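S.K.: Please see the structure below; I have some questions.
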């Protein structure tokens, strides 16, 4: 599974999570850091990404449009990059199951 990290998530996570999410990217790397949510959404669809965000916006798009792309919504408030990394690693099996569930559109992690 490839993750597309939203602007509100550190780009450092791409390298830090390479062993479990190879091929992942950050919106900055994709030159989407100033793009609209719709442009990020379309990029994720075209390139097979799951969007990882701390904002509700992509969840709402998922509710309106369905998936793909799938969305991992981090409801963690202010936290460190290490805490986000730990959360994604600690929920790895849940994330993998989410990725293969055709009925699931958004996964909320806390």
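Read-outs: derived from the displayed coordinates by stated rules, not from any lab. None of the values given here were measured: they were computed from a predicted structure. Cβ atoms come from the backbone with ideal geometry, glycine included; neighbour counts cover every protein chain shown.
S.K.: Would you mention how many residues in the stretch 36-64 are closer than 18 Å to residue 76 by Cβ, touching a strand residue (DSSP E or B) at 6+ places or on another chain (Cβ under 9 Å) and surrounded by 15 or more Cβ atoms within 10 Å (Cβ to Cβ)? Spell out how you get there, then give the answer.
M.R.: Filtering the stretch 36-64 for residues closer than 18 Å to residue 76 by Cβ gives 50-59.
From what's left, touching a strand residue (DSSP E or B) at 6+ places or on another chain (Cβ under 9 Å): 50-56, 58-59.
Filter once more, keeping what is surrounded by 15 or more Cβ atoms within 10 Å (Cβ to Cβ): 50-55, 58-59.
Of the residues in the stretch 36-64, 8 are closer than 18 Å to residue 76 by Cβ, touching a strand residue (DSSP E or B) at 6+ places or on another chain (Cβ under 9 Å) and surrounded by 15 or more Cβ atoms within 10 Å (Cβ to Cβ).
S.K.: Here's something else I'd like to know. Kindly evaluate residue 14 against the criterion of being surrounded by 14 or more Cβ atoms within 10 Å (Cβ to Cβ), at negative phi and free of Cβ contacts under 8 Å to residues at least 24 places away in the same chain.
M.R.: Working: surrounded by 14 or more Cβ atoms within 10 Å (Cβ to Cβ): yes; at negative phi: yes; free of Cβ contacts under 8 Å to residues at least 24 places away in the same chain: yes.
Yes.
S.K.: A further question follows. Considering only residues that are more than 15 Å from residue 21 (Cβ to Cβ), touching a residue at least 24 places away in the same chain (Cβ under 8 Å) and in a loop (DSSP other than H, G, I, E, B), which ones fall in the stretch 57-103?
M.R.: 66, 67, 68, 75, 76
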